[in-house]
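Trainee: Okay, here's the structure, questions in a sec.
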Amino acid sequence: MTYGIANLSIVPLRIEPSDTTELVSQVLYGEIFKVTERRKKWSKVRLTYDQFEGWIDNNQYRELSESEYSFLAECPQKLSGDLIEFVQDSNHQLLTIPLGSSLTALNILEHAFDGNCIEGIHPKSKLIETAFLYRNSPYLYGGKTPFGIDAPGLTQMVYKLNGYNLYRGVEQQAKQGEALSFIEESEAGDLAFFDNNEGQIVHVGIIMPDNYIIHAHGKVRVDRLDHSGIYNTDVKMHTHKLRVIKKIISLVSTKS
């Protein structure tokens, strides 16, 4: 088995081994993975954090030994906490890294970091504050950063920065947590999922107080939420049909 780590800021993860195929996600700086198939130019990888799979360019990662991988897989998460930060390599060259990059492998990569580091589990009440760091980020299918992000990317990264695990895909996320019967039972930080006319779950957002929701649609934005779905305050119409509310984190369990 071969192991790897993203030693660049944002590595595209593609559905097929080609630069022209669909971007399905991104591998942020410091994220580790297993290489399940290797070709001349491309590697198929399975991310350790969420088991998401795709293809990355062989020039855009560094191989890890099994012992390095095992050590990093067991390390508590340390993540960069500002919209953009920098690491410095052994030649004193700077590399930009986005919000949510992993800092656990700095010694292995021989990089130095002197910025804001986030670690541990935070109260559920912090989720909305974190989500607002991404506000106005442009929608990008497969994106996971403030420079472009999709709906499940937003929810996954917001939860990750607060110490909670979500899968990458929206349908996978919809299978996590406890379903609620009514919006009135929800708390700020719970997730709302939305389906299309065929009944397929296609969208997710984070519930805010007072019947608002923050989600990625065109950009990361705040809209109204009611029993029908998301009411877009710009176009004055419902844009997403509500399917289910899920409680991923119990408010009680996050109190100190």
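The values are calculated or read from the model by the stated rules, or taken from the named source; none is laboratory data. In this text, all values refer to a predicted model and were calculated from it rather than measured experimentally. Methodologically, a virtual Cβ is constructed for each residue, glycine included, from the backbone with ideal geometry; neighbour enumeration extends over all protein chains shown. Note: accessible area is taken over every heavy atom of the protein model, side chains too, but ligands, DNA and RNA are not part of it. Shrake-Rupley method; radii C 1.70, N 1.55, O 1.52, S 1.80 Å.
Trainee: Tally time: how many residues in segment 212-246 are within 16 Å of Pro138 (Cβ to Cβ) and at pLDDT 95 or above?
Mentor: The total comes to 9.
Trainee: Any chance segment 178-190 includes a residue that's under 30 Å from Leu103 (Cα atoms) and not in a loop (DSSP other than H, G, I, E, B)? Please lay out each step first, then the result.
Mentor: First, pick out the residues of segment 178-190 that are under 30 Å from Leu103 (Cα atoms): 188-190.
Retained after the next criterion (residues that are not in a loop (DSSP other than H, G, I, E, B)): none.
Looking for residues that are under 30 Å from Leu103 (Cα atoms) and not in a loop (DSSP other than H, G, I, E, B), one finds none in segment 178-190, hence no.
Trainee: Another question, if that's okay. Here are Asp89, Asp19, Asp57: which of them is of a type outside the set (Gly, Ala, Ser) and surrounded by 14 or more Cβ atoms within 10 Å (Cβ to Cβ)?
Mentor: Values: Asp89 fails: surrounded by 14 or more Cβ atoms within 10 Å (Cβ to Cβ); Asp19 fails: surrounded by 14 or more Cβ atoms within 10 Å (Cβ to Cβ).
Among Asp89, Asp19, Asp57, only Asp57 is of a type outside the set (Gly, Ala, Ser) and surrounded by 14 or more Cβ atoms within 10 Å (Cβ to Cβ).
Trainee: Also, I was wondering about something else. May I ask you to list the residues in segment 209-229 that are in a strand (DSSP E or B), more than 19 Å from Ala174 (Cβ to Cβ) and open to solvent by 20 Å² or more (accessible area, probe 1.4 Å)?
Mentor: Pass one, segment 209-229, residues in a strand (DSSP E or B): 212-217, 219-225, 229.
This time we only want the ones that are more than 19 Å from Ala174 (Cβ to Cβ), so: 212, 219-224.
The answer is Tyr212, Lys219, Arg221, Val222, Arg224.
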